[in-house]
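The structure under discussion appears below in the form of structure tokens.
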Amino acid sequence: MNERHQQERGPRSERRAELAANLARVEERIAAACAAAGRHRDEVTLVVVTKTYPADDVRLLWELGVRHVAENRDQEAAGKAQACADTSLTWHFVGQLQTNKVRSVVSYADYVHSVDRVRLVTALSAAAVRQGREIGCLLQVGLEGGVPDGNGAGGGPTGGGRGGAAPGEIDRLADAVAGAQGLRLTGLMTVAPLEGPFRGRPRAAFEALGEISSRVRAVHPAATMVSAGMSGDLEDAVAAGATHVRVGTAVLGVRSRLG
């Protein structure tokens, strides 16, 4: 029995050390980016994206001090959230969300980063009220079509696979969330576009998000979260004013995936 316990303990101990080292490197990057931007380190929250990694990794991250984790598939996230229910982690749902998954997501997610249409707002509100919860909502801005200029050019349909509402739809969407029961408008989110005018220009994309965020906050002052940046571009996001960076690979590494 003791031998079996030691065999199980060994790989877990090694994984813990690996995650600790990766977290330390990510922390150094965030701290350096904050210093370069003249920002305080506590202005940026690290959200570790744990998609495709097992619940035991999530628990190890908790033991190492991580308090915010993110998932993008309900089928996987629901089980992990239940397995880690005793950790009091803050759960962020960052994937494109279908209305038939809303009831499940609302049962564990504290924040949904991918609100991109009024129909989804309606579904989230109904589920949140039914379950007696209040869900923080971030509007996902799709920047593939650019941002409208003073003449109305740009900002068309987003296209691509990143998802998100076009910049011109954000004000209406913000009002919808702000007026919905069980929901709280907490901010905006984007992913650096793979096509369009911001392709290969993540900092410019994140700066555009910041400008849209300022516009939304003028009407909805509590919408202060700006979720942008991943493993490859978190420095650009911090420089552009992101309050939350979503980091997966740089923390969890490249390893065997689930399913």
Every residue in region 131-164 that is over 19 Å from ALA204 (Cβ atoms) and at pLDDT 65 or above, please.
GLN131, GLY132, ARG133, GLU134, ILE135, GLY136, CYS137, LEU138, LEU139, GLY163
Condition set surrounded by fewer than 23 Cβ atoms within 10 Å (Cβ to Cβ) and touching a residue at least 12 places away in the same chain (Cβ under 8 Å), scope region 129-141, selection nearest to the chain's Cα centre (by Cα): answer is GLY136
Assess whether GLU195 counts as being part of a helix (DSSP H, G or I) and acidic (Asp, Glu).
no
Could you go through region 200-211 and let me know if any residue there is part of a loop (DSSP other than H, G, I, E, B) and farther than 22 Å from ALA37 by Cα.
no
Screening THR45, THR52, THR122, THR87 for residues that are under 23 Å from THR190 (Cα atoms), touching a Lys or Arg at 6+ places or on another chain (Cβ under 7 Å) and in contact (Cβ under 8 Å) with a residue 12 or more places away in the chain leaves only THR52
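A quick yes/no check of all residues on (1) within 16 Å of the chain's Cα centre (by Cα); (2) in contact (Cβ under 8 Å) with a residue 60 or more places away in the chain; (3) crowded, with 24+ Cβ neighbours inside 10 Å:
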| position | (1), (2), (3) |
| --- | --- |
| ALA176 | no, no, no |
| LEU185 | yes, no, yes |
| ALA192 | yes, no, no |
| GLU195 | no, no, no |
| GLY200 | no, no, no |
| ARG203 | no, no, no |
| PHE206 | yes, no, yes |
| SER214 | no, no, no |
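The values are calculated or read from the model by the stated rules, or taken from the named source; none is laboratory data. For clarity, every value in this text was computed on a predicted model and none was experimentally measured. Note: ideal-geometry Cβ built from the backbone for every residue, glycine included; neighbour counts use all protein chains shown.
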